[in-house]
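Worksheet: the structure to be examined is printed underneath.
The values are calculated or read from the model by the stated rules, or taken from the named source; none is laboratory data. Predicted model, so just to flag it, every value in this text is computed and none were measured. As a convention, Cβ positions derive from the backbone with ideal geometry for all residues, glycine included, and neighbour counts pool all protein chains shown. SASA here: full protein model, heavy atoms, side chains in, ligands and nucleic acids out. Shrake-Rupley method; radii C 1.70, N 1.55, O 1.52, S 1.80 Å.
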Amino acid sequence: MYQSFIGLEIHIRLNTKTKIFCQCKAHYGDDPNTNICPVCMGYPGALPSLNEEVMRLGYAVAKALNCTLAPACSFERKNYFYPDLPKNYQMSQFAHPVGTNGWLEIEVGGQRKKIRIHECHLEEDAGKMIHAGDMSLLDYNRTGIPLLEIVTDPDLTTGEEAEILLHELRRLVRHLGVCDGNMDEGSLKADANVSINLPGKGLGRKVEIKNLNSSRFVRKGLSYEIERQAAVLDKGGTIQQETRLWNENRDQTEVMRTKENANDYRYFPEPDLPPFRTSPEFIASLDALMIELPIERRARFMKEYRVSAEQAAFLCEERAEADYFEAVVKKGIDPVAAATWLGSDVQKQLNRLNISVT
């Protein structure tokens, strides 16, 4: 019997009108290579300009995740060759991220579990490669779109817990209004690190799993990898530190490459951007974005309105629906009757018309 340790690296695409370092439109689904400029294409002499709204949304998520907010943060160049990253380096945060040492609670088997957040850091997205026969097409629209990477400590133990965490984080960022959380459009992506060891022996040699484009694949990929590593150790083998891909057609992980270390990226300070320093006014502006966390709102609904756990979960899945429920109750409608009505007749009509409560 082995003990498993799982940490997630979750990227969320921030809802801003423009990209992180230029004025190009940050929008999904436009015609290829229509939202690009010399800055996001990495042309010589083109200088970046930091989008303050990106900083505000990034700090807001870090605050909601109970992180210690950095009074100043900076960007570094993360060097590696990517055909869909025109500069051949990514502007990211390494030494001074926006937030560190936070936590997020999830519900597992009716009990709350606190998952530590190691850090939250900002970076730019890369472009998109489309392989067609014997050629590859490049769409640079996505290059420079702002991402916030949320890195957890290895506090998760199963694929099911990882899936629960992703669902809880998706609710959080949607309630905050900073990300739409659509995994099928790449607005929320996750890589997973997993290791196993004998109980009490601490972390094992970790393996990273990529290409996890749904919470279900996160659960299935981690469950498979834990079983694979256990089989290797049972035979007296050694786990290789490597990056593996999830093959959804075969329901298995496959080797992609040996795992890089941080020094392989040759981080060095971004010379074209000064550090971003917060002000009392900037920190105060974050309070306007703070909301009651979905997990707390579910608990309050059950206690205050006497609705069931299932009804509370349904009502708090989306902020607009929870707000509407409370507005109805304030009009004098019985809470349980309102929850039943919203979960049945109203939901049927919303599904039929393909609309949502606003």
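A few comments on the model shown:
- GNM top mover of Asp234, Asp139, Asp153 - the chain, alpha-carbon springs below 10 Å: Asp234
- Centre-to-centre separation between the Cα atoms of the range 2-67 and those of the range 267-334: 22 Å.
- Percent of Cα-Cα distances greater than 19 Å, calculated over the range 74-146: 55
- Computed E for Lys113/Glu317 - FRET, C-beta separation, R0 22 angstrom, nearest 0.05: 0.65
- Solvent exposure, largest accessible area first (probe 1.4 Å, DNA, RNA and ligands not counted), of Lys348, Lys235: Lys235, Lys348
- Selected from Cys37, Cys73, Cys179 as most flexible by GNM, with the chain as the system and alpha-carbon contacts under 10 Å: Cys37
- Using θ = phi - 60° in the Karplus curve 6.51 cos²θ - 1.76 cosθ + 1.60, the 3J(HN,Hα) couplings for the range 237-248 round to x, 10, 6, 8, 6, 7, 9, 10, 9, 8, 9, 5 Hz; x is entered for Gly and Pro.
- Using C-alpha pairs below 8 Å separated by at least 6 residues, the relative contact order for the chain is 19 percent.
- The range 197-317, relative contact order [Cα under 8 Å, separation at least 6], %: 18
- Considering only the Cα atoms of the chain, their convex hull presents on average a projected area of 21.3 nm².
- The alpha carbons of the range 211-250 stretch over 33, 16, 16 Å along the principal axes, in descending order.
- Considered as an equivalent ellipsoid built on the Cα gyration tensor, the range 185-260 has semi-axes of 22, 12, 12 Å, the largest given first.
- Surface accessible to a 1.4 Å probe, per residue, for the residues of the range 162-248, Å²: 41
- Using only side-chain charges placed at the Cβ, +1 for Lys and Arg and -1 for Asp and Glu, the dipole size of the chain relative to its Cα centre rounds to 400 debye.
- Diffusion coefficient, µm² s⁻¹, Stokes-Einstein with Kirkwood Rh over alpha-carbon pairs of the range 169-225 at 10 °C and 1.306 mPa s: 122
- Ellipticity estimate at 222 nm from DSSP helix runs (n ≥ 4, -39,500 (n - 2.57)) divided over the chain, nearest 500: -9000 deg cm²/dmol
- Debye log10 I(q)/I(0) for the range 274-358, one point scatterer per Cα, at q = 0.26 Å⁻¹: -1.31
- Gain upon complete extension [Arg300, Phe81; 0.36 nm per residue less C-alpha separation]: 73.9 nm
- Accessible surface of the chain, 1.4 Å probe, proportion on carbon and sulfur as whole %: 51
- Probe 1.4 Å, protein heavy atoms only - accessible area per residue of the range 66-158 in square angstrom: 43
- Annotation: Cα Rg of the range 1-156 relative to the compact-globule expectation 2.2 N^0.38 Å equals 1.17.
- Flagged links, alpha-carbon separation over 28 Å, of Lys113/Lys210; Lys78/Lys201; Lys113/Lys201; Lys114/Lys210; Lys25/Lys206: Lys78/Lys201; Lys25/Lys206
- When the range 21-77 is described by a simple charge dipole with +1 on each Lys and Arg Cβ and -1 on each Asp and Glu Cβ, the residue from Pro44, Ala60, Tyr28 located farthest towards its positive end is Ala60.
- Selection among Gln229, Gly343, Thr253 by position relative to the dipole of the range 226-353 gives Gly343 as farthest towards the positive end (Cβ unit charges, Cα centre).
- The dipole here belongs to the range 35-105: it is taken about the Cα centre, uses +1 on the Cβ of Lys and Arg and -1 on the Cβ of Asp and Glu, and is about 140 debye.
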